[in-house]
Amino acid sequence: MKERQIDYAAVFQALPGMVALLTPELVYADANDDFLRLAGRTREQLLGRYIFDAFPENPNDQAAAGMRETEASMLRVVATGERDTMALLRYDIEDAAQPGHWQEHFWSPVNAPVLGPDGQVALIVHRVEEVTGLIRARGGQDNDTSRARVLEAELYTRSRELQEVNERLRMAHAREREVALALQEALLPAPSPVGHHRVAVRYRPATDALNVCGDWYDLVDLPGEGDRIAIAVGDVVGHGLRAACVMGQLRSALSAAARVADGPAQALDVLGLYARYVDGAESTTAVKTFIDWDSHTITYSSAGHLPPALLHPDGTVLFLDQATDPPLGARPEHVPRPQASTPFIEGATLILYTDGLIERRTEDIDVGLARLADSLTRHRHADPEVMSDHLLTDLLPPAGNTDDIALVTIRL
């Protein structure tokens with residue numbers, strides 16, 4: 001049976017209800033027939049025009065907030081790539097045939113994204129339902145009319161209150177994100193020099209304002225004779241300020257433990273015991289590595305964390321997964337953690353990372369690990385700084401990372 005070809009342009013024009021398409025710069029790209037008819041505009045009066053040039057706000061209404069709220073909603077769609085449903089909105093329309101004459105209108109708007117091939121917002125679908133008739137409803141009797149007006153006025157008032165509450169919540173979340181990121185920056189400074197070794201670190205906060213500040217990295221020179229350093233990355237369950245505070249406590253504790261422990265497993269043992277007394281530390285994952293250039297060995301232990309990747313000079317990748325144990329606080333009793341060692345040759349590269357770099361909700365973890373290995377192989381000749389940038393470019397989705405990311409890359 002021959003597949004029927006659908007004329008989507010004709011479908012768009014025939015859609016019931018008012019629908020318009022705008023660019024991310026809030027310029028009209030198209031509008032369907034109902035939109036043009038009910039808004040009292042021709043296609044020529046809209047296409048290519050900035051939305052608030054085509055529909056300016058009523059200058060006679062000192063309390064008007066429709067332009068500000070509509071702009072904020074559309075810009076949220078562009079920034080987040082998510083649908084934004086607005087509360088009931090009053091936005092008066094100037095009569096095109098009578099300049100200076102404004103007609104009262106009430107709307108129920110929804111703004112939704114259309115993503116382009118690169119995953120970025122290419123268009124905004126602006127769908128509005130006019131509810132002016134509902135607000136002005138007339139009953140058959142005076143009592144009915146009075147009750148209808150009271151209910152409709154309350155509906156409008158509650159809708160405005162909801163919009164104001166949502167705006168305050170968004171502002172509070174934005175402030176929390178700023179504070180959490182500032183705290184994260186203070187807790188994760190650029191690493192001090194670790195001998196003569198070339199190392200790069202990266203931290204990328206999640207694009208979601210509520211989904212930041214649980215990941216950390218740490219690099220320390222180990223005491224004693226020989227050329228040895230310890231590197232760790234970890235991930236606290238939870239997000240925001242609370243996770244950032246827990247992260248700071250655990251990072252400091254593990255850094256201190258590494259300086260006196262016999263190996264990475266003992267350092268994680270100490271961290272696990274300490275984490276029992278830190279509210280919010282349960283189920284934290286971490287991996288600790290000791291690198292010894294005199295013996296050319298990497299000794300490692302993992303508390304439920306993704307395996308470090310060892311990139312050999314020939315481009316082969318070995319995942320260090322032979323000493324993996326449950327996350328912190330997962331066992332009711334204390335059990336010594338395992339550790340393993342592997343040799344390396346000069347010119348190899350070690351990469352430690354958190355799950356935001358490779359995990360996708362719709363994929364098996366092995367797919368993400370394979371993608372990481374492929375990227376490492378292709379960029380094996382790059383120095384750590386350049387390689388780290390390549391990894392972020394290759395592995396992060398176009399729409400941005402939904403979880404924060406800590407990454408350490410060191411040339412051995």
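The criterion of being under 27 Å from the mean Cα position of the chain (by Cα) and free of Cβ contacts under 8 Å to residues at least 24 places away in the same chain holds for Thr362. For segment 72-105, which residues satisfy the criterion of being part of a loop (DSSP other than H, G, I, E, B) and under 20 Å from Asp53 (Cα atoms)? Correct list: Tyr91, Asp92, Asp95, Ala96, Ala97, Gln98, Pro99, Gly100, His101, Glu104, His105. Taken over segment 308-336, the residue count meeting the criterion of being assigned to a strand (DSSP E or B) and not polar (S, T, N, Q) is 7.
For segment 1-34, name all the residues that are in contact (Cβ under 8 Å) with a residue 24 or more places away in the chain, outside any strand (DSSP E or B) and out of contact with any Asp or Glu (no Cβ under 9 Å at 6 or more places or on another chain). Spell out how you get there, then give the answer.
Step one: of segment 1-34, the residues in contact (Cβ under 8 Å) with a residue 24 or more places away in the chain are 17-29.
Checking which are outside any strand (DSSP E or B) leaves us with 17, 23-26.
Answer for segment 1-34, where residues must be in contact (Cβ under 8 Å) with a residue 24 or more places away in the chain, outside any strand (DSSP E or B) and out of contact with any Asp or Glu (no Cβ under 9 Å at 6 or more places or on another chain): Thr23, Pro24, Glu25.
A residue that is within 28 Å of the chain's Cα centre (by Cα), open to solvent by less than 10 Å² (accessible area, probe 1.4 Å), modelled with pLDDT of 85 or more and of a type in the set (Gly, Ala, Ser) can be found somewhere in segment 278-290. If only residues of segment 361-393 that are touching a Lys or Arg at 6+ places or on another chain (Cβ under 7 Å) and open to solvent by 10 Å² or more (accessible area, probe 1.4 Å) are counted, the one that is nearest to Arg411 (Cα to Cα) is Asp383. Of all the listed residues (Ile351, Ile358), the sole one being crowded, with 21+ Cβ neighbours inside 10 Å and in contact with a strand residue (DSSP E or B) (Cβ under 7 Å, 6 or more places away or on another chain) is Ile351. In segment 291-302, the condition of being touching a residue at least 60 places away in the same chain (Cβ under 8 Å), crowded, with 18+ Cβ neighbours inside 10 Å, in contact with a helix residue (DSSP H, G or I) (Cβ under 6 Å, 6 or more places away or on another chain) and within 30 Å of Ala370 (Cβ to Cβ) is met by no residue. Would you call Thr80 touching a helix residue (DSSP H, G or I) at 6+ places or on another chain (Cβ under 9 Å) and hydroxyl-bearing (Ser, Thr, Tyr)? Judged against the criteria, Thr80 is not a match. Output yes when any residue across segment 82-89 is charged (D, E, K, R), under 28 Å from the mean Cα position of the chain (by Cα), open to solvent by 30 Å² or more (accessible area, probe 1.4 Å) and modelled with pLDDT under 90, and no when none is. Yes, some residue in segment 82-89 is charged (D, E, K, R), under 28 Å from the mean Cα position of the chain (by Cα), open to solvent by 30 Å² or more (accessible area, probe 1.4 Å) and modelled with pLDDT under 90.
Residue count for segment 102-116, restricted to those that are open to solvent by 70 Å² or more (accessible area, probe 1.4 Å) and either aromatic (Phe, Trp, Tyr) or modelled with pLDDT under 85 (or both): 1. Scanning segment 322-359 for residues that are among the basic types (Lys, Arg) and under 21 Å from the mean Cα position of the chain (by Cα) yields nothing. Looking only at residues that are open to solvent by less than 40 Å² (accessible area, probe 1.4 Å) and among the aliphatic types (A, V, I, L, M) in segment 326-340, which one is farthest from Gly263 (Cα to Cα)? Among residues in segment 326-340 that are open to solvent by less than 40 Å² (accessible area, probe 1.4 Å) and among the aliphatic types (A, V, I, L, M), the one farthest from Gly263 (Cα to Cα) is Leu328.
The values are calculated or read from the model by the stated rules, or taken from the named source; none is laboratory data. Since the structure is predicted, the reported quantities are computational estimates derived from the model, not experimental observations. FYI the Cβ positions are ideal-geometry reconstructions off the backbone, even for glycines, and counts take in every protein chain you see. The accessibility values were calculated without ligands, DNA or RNA, using every heavy atom of the protein model including side chains. Shrake-Rupley method; radii C 1.70, N 1.55, O 1.52, S 1.80 Å.
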